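J.: This is the structure, below, for whatever I ask next.
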Amino acid sequence: MASRGGFTSKLGFVAAAAGSAVGLGNIWRFPFEVGRNGGAAFLLVYLICIVLIGLPVMTGEITIGRSTGSNPYRAYRKLGGANWSWLGVWGIICGIMFLSVYNVVAGWAFGYFVGVSFGDLLSTPDLGGYFSTSIAEIGDNFLYSLAFMIITAFIVSRGVSGGIEKAAKILMPILLTLLVGIIIYSLTLDGAMEGVKYYLVPDFGAITIPTIYNALGLAFFSLSMGMGALITYGSYINKTDNITESATLVTITDTVVAFLAGLMVMPLVFSMGQSPNAGPGLLFVTLPSVFQAMGPITGKIIGSMFFLLICFAALTSTISLLEIPSGLLVDEKKWSRKKVVWLTALAIFVVGIPGMLSHGAVDGLTNFMFYEGRAKSYFDVVFDIFSDTGLPLGGLLMSIFIARKWGMDKFDSEIESGNPTYKDSAWRTFLHITMKYVSPISLGIIFVITILQKFLGISLFG
Ligand code: PHE
């Protein structure tokens, strides 16, 4: 039988889970969402989602994983019977679809790293044009995403402790160092404080319904929740590990990194007189123009560091995404890890090809559907369905599952193993209130509003 493997220590788990959490969600998406959703007000809503929903859902997933020592499908099946196993399957489907398009963005970042460091990307006069052309042409996209998937598969194929944990322990410290280095530089630029102010002083008028569902969707995206990644990683930890402590550490690391990414990006953008409102192109158009303005040498150094940072962050996330279906197949089919990982990676890469073709290469994929008042590409639709809607739905059903089916007493006793003082702690009260009420009710309401407003164009609040 193929062995499941496991993390060697609590630190190993925290590094890997934080590596999963810290990714494009923090460094690509978080700054542009802050930029287009009104700055500090969005940050505030985001933090509320993290504390009231993120922390309990993350703890819930890790607990389910450790309690069963199984992949998401088997875990729900063991605890809830065959009727609940579809919830694990839904998570796995979300994970596969999510990785297929996430890897496309990772490929862009990799291409930009190569272009800035070894090519003449920074001497391009029209960076906006460069971005739209480069994502529309299939050749480079194909090559860079394939390269990214191969690196991911290589690491995952080496196993939980020898591949995943080791990579996280090397990459995470480098990532944090690069991040802090660039922040120090960006805060010293003239006009940096304008950016800091926009980022930190809230305008409460900017909070709208889309602010709320975007913030919630981003919280799930960024904390790697709702698709079973944390059930999978949780299944590899020890019974003596303290789950609440680990979940808190991962949540704090992820939130701090997102916060720091904003603190890195906003001063850069404002000091060069750019608008923070560029959407997904913020990282690929606005920032390279900032690097360009720094002059050829400084621009190249800071720009290369910046894109390397993004590649490392994305890599520790793609690793965890590939581990979800791979871990499942190793468990269920008893195939060797190497075979499973390479086949799964290849299949997901192929599933992602329409995502690569949906930025201008193929019109039917570029203008795939129409909702939210605009044409959406296949790539947008996959993120909307499997990430921003699918992940909170997974979290909603998981909290209902824990509170109503598995039972809070069993949930408590799993956490107690490794955390003997849990029984009489404020943690227990917090988890009970959030798991039984706050999480299901707020996630349920936001789910309905998202479907009505985003997909059906029905606005309940004018
Ligand atoms: N959390 C990762 C990010 O912020 C994305 C991710 C989601 C990874 C779900 C694994 C599982 O980029």
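J.: About the Cα centre of region 317-462, what is the dipole size in debye to 20, counting +1 per Lys and Arg Cβ and -1 per Asp and Glu Cβ, all else neutral?
T.: About 300 debye.
J.: ³J(HN,Hα) across region 138-152 via Karplus (A = 6.51, B = -1.76, C = 1.60, θ = phi - 60°), whole Hz, x for Gly/Pro?
T.: 7, x, 5, 4, 4, 5, 5, 5, 5, 4, 5, 5, 5, 4, 4
J.: All other residues with a Cβ under 15 Å from the Cβ of residue 423 taken together, and with Lys, Arg as +1 and Asp, Glu as -1, what is their net charge?
T.: Computed value for this residue: -3.
J.: Could I ask something else about it? Taking Cα pairs under 8 Å and at least six residues apart, what relative contact order does region 302-387 come out at, in percent? Write out the running numbers ahead of the final one.
T.: Values: 54 pairs, mean separation 12.5, N = 86.
So the answer I get is 15 percent.
J.: Let me ask something else. Taking Cα pairs under 8 Å and at least six residues apart, what relative contact order does region 376-462 come out at, in percent?
T.: 34 percent
J.: Next question, about the same structure. Using Cα pairs closer than 8 Å and at least 6 residues apart in sequence, work out the relative contact order for the chain, in percent.
T.: RCO, the chain: 33 percent.
J.: OK, next. What lysines does residue 197 reach when the alpha-carbon gap must be under 22 Å and sequence neighbours fewer than 8 apart in one chain are set aside?
T.: Excluding near neighbours in sequence, the set is empty.
J.: What list of ³J(HN,Hα) couplings, whole Hz, do you get for region 383-398 from phi and the Karplus terms 6.51, -1.76, 1.60, once you set θ to phi - 60° and write x for glycine and proline?
T.: Each residue of region 383-398 in turn: 5, 4, 7, 8, 9, 5, 9, x, 6, x, 5, x, x, 4, 5, 5 Hz.
J.: Taking the dipole about the Cα centre of the chain, with the C-beta of Lys and Arg at +1 and of Asp and Glu at -1, give me whichever of 455, 155, 52 is farthest to the positive side.
T.: Of 455, 155, 52, it is 155.
J.: Determine, for each peptide in 382-388, 405-411, 72-78, the mean count of other beta carbons within 10 angstrom over its residues, then list the peptides with the highest first.
T.: Packing order, densest peptide first, comes out as 72-78, 382-388, 405-411.
J.: Using a cut-off of 29 Å between alpha-carbon atoms, which lysines can reach residue 166, once sequence neighbours fewer than 8 places away in the same chain are excluded?
T.: Output for residue 166: 10, 239, 333, 334, 338, 339.
J.: Listed highest first by mean packing, meaning other Cβ atoms within 10 Å per residue, what order do 7-13, 356-362, 396-402 come in?
T.: Answer by packing, highest mean first, reads 396-402, 356-362, 7-13.
J.: Right, another one. Note down the magnitude of the dipole of the chain about its Cα centre, charges +1 on Lys and Arg C-beta and -1 on Asp and Glu C-beta and zero elsewhere, to the nearest 20 debye.
T.: 1380 debye
J.: Give me the lysines in straight-line cross-link reach of residue 376: C-alpha distance below 18 Å, same-chain residues under 8 apart excluded.
T.: 454
J.: When you count, for each residue, the other Cβ atoms within 10 Å and take the mean per peptide, how do 134-143, 343-352 rank with the highest first?
T.: 343-352, 134-143
J.: Which residues' amide hydrogens lie under 5 Å from the amide hydrogen of residue 376, considering only partners 5 or more residues apart or on another chain, with H built in the peptide plane?
T.: 368, 369, 370, 371
Where a number appears in this text, it was derived from the coordinates with a stated rule and is not lab data. Just so it is clear, the model here is predicted, and its values are computed rather than measured. Neighbour counts run over all protein chains shown; Cβ positions are idealised from the backbone, glycine included.
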